[in-house]
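Okay, structure first, notes after.
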Amino acid sequence: MSDPAAAMPRAELTPRDVTVMVVGIVLGIGIFRTPSLVAQYSADETVFVSLWLLGGLFTLAGALCYAELGSARPDAGGEYAFLRAAYGPRLALLFAWARCTVIQPGAIAAAAFVTGDYANVLLPLGRYGPGVYALASILLFTLVNRVGTRPGKTTQNVIGVAVVLAVLAIVVSAFLTTGPTPRQGTPQDTTWAGIGLAMMFILLTYGGWNEAAYLSGELHDARRTMARALIAGVLIVIAVSLAINFAYLRVLGLDGIRDSDVVGAAMMRAVAGSTGEAVMSVVVVLSALTTVNGLIITGSRSYYVLGRDLGALKSIGRWRERGSTPANALVLQAAVCAALVVFGSATRAGFRSMVSYTAPVFWFFTLLVALSLYVFHHRGTGGRHPYRTPLHPVTPAFFALACLGVLWSSLLYAGWGSVLGVAVLLAGTPLLLVRTAGSDSG
C-alpha cells in the first residue's frame, strides 16, 4: 500500500471527550455575539425566546440525524463519508473542497477573530491587534495538535470544562444580583426576512455540534457510543444557551440586548461594573479558544481524508503514527486560515464577513446530509447498529426544512460574502474532474 495507509486514526477518544468537544466548540463564540443581532429582528421578548427555542429544536433534530449517521459509518471523514456513501465520490469530493476552502477555515477564522477582539480589549495591541491575536491562536493550537491528538484533546477538556463552569457562574450571578431595571423592549414588526436572518444567526450560535462526526473514527466503540456523546453535548449546549439568553433579558432587557455588540460584557458591566466586564472578557477569550482548538482538531481530519482519497494530494493524507495526528493536514489548514485572517484584518469586517462567507455553502451540504438518511433507508443500507433516528421520517424532514430555510436566507440577505463563498465552491470544479478521471475505479 502507499504511504497514506501506513498509519491510521486510532480509537483514543471517549464519549466524554466527544461531548466536551461539542460543548467547547458550540459555546465558544456565538452566544456572546449573536443575541444582539437576533434581538434586532425580534418583535418582543416572546418572539426572541421563541426563536431561540425553535433553533434549539432544529439543532436537536440535526443531532439525532447525525447520531444515526455517525453510529452507522464511523469515519474520520465525517460528513464526507456520509455524502460519498449516499451520492457517490463526485459530490463527496466537491464537499471536501468546500469544507477545506470555505466552511472550516471560515469557521476557524471567525472564532479566532472573536478571540482577537476580546483579547485586544484586555491587552491592546493597536488597530491590527485583533488580527495578531487571531493569527497567534491559530498557530498555537495547530502546533499543540501537531504534537499529537492527546495534547489537543486534553487542552480542549480542561478549557472546555472551565468555560462551562464560568458561564454557569456568570448566569447565576446575573439572576442573584439586583441591578437596574432593564428597559422595556420597544415593540416592532417582525418580517419573514428578519426571522430568516435571526434563525441564521441562532443556528450559527448552536452550530458546531456536527463536528462530532469527524471524531467518530477515533471514538471508542463509536457504533454504540456516538449517539450518546453527541446528543448529550447538544442538550447541554441548548440548556446553557437558553439560560444565558434569559440572563441577558433579565439584566439588559430586549432593547439593551439590541444596543450592544458585546452583550455578555454589557450584562456583566451592569451586574459588577468594570471588574465584571473584565471577567466576562476573559471568559469569552477562553471560550473562543475552545472553539478554535476544537475546529482545528476536526477540520484537519477533512484535509486528511481529502488527501487519503485523492492521489494528487496524498501528502496531506498521511496520518503520523507518533502522536496519532494528521500532521501535514494541520499545516495546510493553518495556512488557509491564516490567509483568511489576513483578509479579514485588511477589510476590517472579520467576524461578520466570515459568517456570510461560510453560511450558504455549509447549509447546502448540511441539507444534503439530512436527506441522505432517506437515501440509506430507501436502499436498506442504514447499517446494523443500536441507534435509529427517533420519529423517522419526520425528524430528518424537520431538520432538512431548517437547512433549506437558512440556506435561502443566507443567499438572499447575507451580502457579498455569501457570493464569494459560493464562487470558491464553484472553483473546485476542476478538482472534481481530476477525481472523476483518475480515481473513480478505486
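Being in contact with a helix residue (DSSP H, G or I) (Cβ under 8 Å, 6 or more places away or on another chain), surrounded by 17 or more Cβ atoms within 10 Å (Cβ to Cβ) and among the aliphatic types (A, V, I, L, M): is that true of A119 here?
Values: in contact with a helix residue (DSSP H, G or I) (Cβ under 8 Å, 6 or more places away or on another chain): yes; surrounded by 17 or more Cβ atoms within 10 Å (Cβ to Cβ): yes; among the aliphatic types (A, V, I, L, M): yes.
Judged against the criteria, A119 is a match.
Could you tell me how many of the residues in the stretch 232-251 are farther than 16 Å from L57 by Cβ, among the small types (G, A, S) and open to solvent by 20 Å² or more (accessible area, probe 1.4 Å)?
Count: 2.
Hey, could you check the stretch 416-442 for residues that are outside any helix (DSSP H, G or I) and closer than 19 Å to P105 by Cα and say which is modelled with the lowest pLDDT?
If we filter the stretch 416-442 for residues that are outside any helix (DSSP H, G or I), which is where we start, we get 427-428, 439-442.
After this cut, where a residue has to be closer than 19 Å to P105 by Cα as well, the list is 427-428.
Working: A427: 88, G428: 81.
Only one residue tops the list, namely G428.
Would you check if R127 is in contact (Cβ under 8 Å) with a residue 60 or more places away in the chain and open to solvent by 10 Å² or more (accessible area, probe 1.4 Å)?
Working: in contact (Cβ under 8 Å) with a residue 60 or more places away in the chain: no; open to solvent by 10 Å² or more (accessible area, probe 1.4 Å): yes.
No, not satisfied.
So which of A227, A239 is part of a helix (DSSP H, G or I), more than 14 Å from P35 (Cα to Cα) and without any contact (Cβ under 8 Å) to a residue 24 or more places away in the chain? Let's see the steps before the verdict.
Details: A227 fails: without any contact (Cβ under 8 Å) to a residue 24 or more places away in the chain.
Of the residues listed, the single one that is part of a helix (DSSP H, G or I), more than 14 Å from P35 (Cα to Cα) and without any contact (Cβ under 8 Å) to a residue 24 or more places away in the chain is A239.
If I go through the stretch 279-314 residue by residue, how many of them are surrounded by fewer than 20 Cβ atoms within 10 Å (Cβ to Cβ) and of a type in the set (K, R)?
Residues meeting the conditions: 1.
(1) among the small types (G, A, S); (2) within 22 Å of Y118 (Cβ to Cβ); (3) touching a residue at least 12 places away in the same chain (Cβ under 8 Å): which one isn't true of S302, the others all being true?
Against the list (1) among the small types (G, A, S); (2) within 22 Å of Y118 (Cβ to Cβ); (3) touching a residue at least 12 places away in the same chain (Cβ under 8 Å), S302 comes up short only on (2).
Say whether the condition of being part of a helix (DSSP H, G or I) and more than 18 Å from V23 (Cα to Cα) is met by at least one residue in the stretch 122-129. Steps first, answer last, please.
Kept after step one, since they are part of a helix (DSSP H, G or I), are these residues of the stretch 122-129: 122, 129.
Now drop any that are not more than 18 Å from V23 (Cα to Cα), which leaves 122, 129.
There is at least one residue in the stretch 122-129 that is part of a helix (DSSP H, G or I) and more than 18 Å from V23 (Cα to Cα).
State all residues of the stretch 337-384 that are of a type in the set (V, I, T), within 21 Å of the chain's Cα centre (by Cα) and at pLDDT 90 or above; if no residue qualifies, say none.
Within the stretch 337-384, V361, T366, V369 qualify.
S216 fails exactly one of the following numbered conditions: (1) at pLDDT 85 or above; (2) open to solvent by less than 10 Å² (accessible area, probe 1.4 Å). What is the number of that condition?
That leaves (1) as the condition not met.
Of all residues in the stretch 256-276, count the ones that are open to solvent by 20 Å² or more (accessible area, probe 1.4 Å) and either assigned to a helix (DSSP H, G or I) or without any contact (Cβ under 8 Å) to a residue 40 or more places away in the chain (or both). Give the derivation first.
Initial filter on the stretch 256-276 (open to solvent by 20 Å² or more (accessible area, probe 1.4 Å)): 258-259, 261-262, 269-275.
Still in the list and also either assigned to a helix (DSSP H, G or I) or without any contact (Cβ under 8 Å) to a residue 40 or more places away in the chain (or both): 258, 269-275.
Adding up the residues that qualify gives 8.
Looking for whichever is closer than 30 Å to L122 by Cα and not basic (K, R) here; the options are A266, A229, A213, A222. Which one fits?
None of the others qualify; the one that does is A266.
Check off (1) crowded, with 20+ Cβ neighbours inside 10 Å; (2) modelled with pLDDT of 80 or more; (3) small (G, A, S) for G317 and give me the number that stays unchecked.
Result: G317 fails condition (2) only.
I'd like to check which helices (runs of 4 or more DSSP H) are fully inside the stretch 21-93 and have at least 3 residues that are polar (S, T, N, Q). Steps first, please.
Values: elements: 35-40, 45-72, 79-87.
In the stretch 21-93, 45-72 are the helices (runs of 4 or more DSSP H) which contain 3 or more residues that are polar (S, T, N, Q).
From V132, V121, V102, which residue is among the aliphatic types (A, V, I, L, M) and modelled with pLDDT under 85? Don't jump to the end; show me each part of the working.
Working: V132 fails: modelled with pLDDT under 85; V102 fails: modelled with pLDDT under 85.
Result: V121 is the single residue among V132, V121, V102 that is among the aliphatic types (A, V, I, L, M) and modelled with pLDDT under 85.
The values are calculated or read from the model by the stated rules, or taken from the named source; none is laboratory data. As the structure is a prediction and not an experimental result, all values here were calculated from the model. Positions of Cβ are backbone-derived with ideal geometry, glycine not excepted, and every protein chain shown enters the neighbour counts. With ligands, DNA and RNA removed, areas are computed over all heavy atoms of the protein, side chains included. Shrake-Rupley method; radii C 1.70, N 1.55, O 1.52, S 1.80 Å.
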